[in-house]
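Below: one structure, written as structure tokens.
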Amino acid sequence: MDAIDTLKLQIKELIISALEIEDITSDEIADSEPLFGAGLGLDSIDALELGIALKKKFGVKFSAETEENKKHFASVDALAAYIMEERGNGKIND
């Protein structure tokens, strides 16, 4: 498993644990599946909780810009890309 796949798995596990989702496994979350609305079905409260959990685990910060956050929280793929981008800039650590 390469670094990006490991990161995606960590994100999926974080989604499940931080949001206390009991009826789904990380294998059931598709990398490209939307996290909100018709996809995984998360809502704005979930977004806040997930944002806090991501900040604690990866040290990544999200801007107050809603459109920017929508882009980052679009899917597991999008979150992983954002975290990898921040890592590349040396802004966060594991």
Give segment 16-54 a look and list any residue that's in a helix (DSSP H, G or I), under 18 Å from Ile83 (Cβ atoms) and polar (S, T, N, Q), or say none. Ser17, Ser26
Matching residues in segment 65-81 (assigned to a helix (DSSP H, G or I) and surrounded by fewer than 15 Cβ atoms within 10 Å (Cβ to Cβ)) number 5
Regarding segment 29-52, can at least one residue be identified that is surrounded by fewer than 17 Cβ atoms within 10 Å (Cβ to Cβ), in contact with a Gly (Cβ under 7 Å, 6 or more places away or on another chain) and at pLDDT 90 or above? yes
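The values are calculated or read from the model by the stated rules, or taken from the named source; none is laboratory data. A quick note: this is a predicted structure, and the numbers were derived from the prediction, not measured. Positions of Cβ are generated from backbone atoms using ideal geometry, with glycine treated the same way; all protein chains shown enter the neighbour counts.
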